[in-house]
Structures are given as structure tokens and as C-alpha cells.
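In what follows, a structure is listed as C-alpha cells, so that the remarks can point back to it.
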Amino acid sequence: MLKSESGYGTAEALVAISSIFMVMLIFIPFVINLVVDLEKKESDFRAARVLYEHLEEDLFSGAAENHIYRREGQVFKVIENKEEGGTCIHYKDHMGKDQRFCLSEEVRG
């Protein structure tokens, strides 16, 4: 190393730090959106799994009834909809919004 070189200057350090912050400003919202989408898909998957287990139970017992299930802190209400000929599951997603997913008799049969 030459004697005249003393390392990074203030301007170079500021450019390096500001470029790191710019990259973080771009990627942090992206990561937050990914986490939110993952939580929603996880909640939807859990609801589909509960509905599947309910329909499987009804297949073997032969009695179609309304049930309330609790899984991992969530409450799922499975309702047999006789008028529309299907089964629906009601639950609150990770944001607390009411969600509903229904299967018709054609899909089940």
C-alpha cells in the first residue's frame, strides 16, 4: 500500500451506506408482501384441510352436520348448505377478514 493512500474517504463511505439503504428500501416491502401472501395461503390451506377432513368424516359416518373446528388458534365453521347443494367453510383469515369457501355437490360427487 502506498503511503498516500489512507483508506476510504467520507464521501466514499456515504456513497456505500446510501447504496445499502437504497437496496434495503427496495427489498423490505417485497419481503413484507411475501410474508403476508404466505400467511394468507397458509390460512386458506388450513381451511381446505379442515373441509376435506369434515367431508371425509361425513362420508364414513353418513351424517351431514354442521361443525365447528378449532385448529392452531383459528375457528372454522363447516355448514351444509341444503338450498345450494353444497358444503361451505367460514373462517377469519390472518387479517381478521371473514372468508368463505364452498364446494358444490358436483365437485364432491
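The values are calculated or read from the model by the stated rules, or taken from the named source; none is laboratory data. Model, not experiment: these values are computed from the prediction. Note: ideal-geometry Cβ built from the backbone for every residue, glycine included; neighbour counts use all protein chains shown.
Scanning segment 62-96 for residues that are assigned to a loop (DSSP other than H, G, I, E, B) and either under 11 Å from VAL50 (Cβ atoms) or at pLDDT 90 or above (or both) yields a single hit, GLU72. Using the structure shown, decide if VAL15 is out of contact with any Phe, Trp or Tyr (no Cβ under 6 Å at 6 or more places or on another chain) and either of a type in the set (Val, Ile, Thr) or not in a helix (DSSP H, G or I) (or both). Spelling it out, VAL15 is indeed out of contact with any Phe, Trp or Tyr (no Cβ under 6 Å at 6 or more places or on another chain) and either of a type in the set (Val, Ile, Thr) or not in a helix (DSSP H, G or I) (or both).
If the condition is being assigned to a helix (DSSP H, G or I) and either modelled with pLDDT of 80 or more or not basic (Lys, Arg) (or both), then segment 97-109 contributes GLU105, GLU106, VAL107. Flag: HIS54 matches the condition of being under 20 Å from SER104 (Cα atoms) and in a helix (DSSP H, G or I).
Taking the conditions (1) surrounded by 14 or more Cβ atoms within 10 Å (Cβ to Cβ); (2) out of contact with any Ser or Thr (no Cβ under 6 Å at 6 or more places or on another chain) in turn, TYR52 satisfies each one other than (1).
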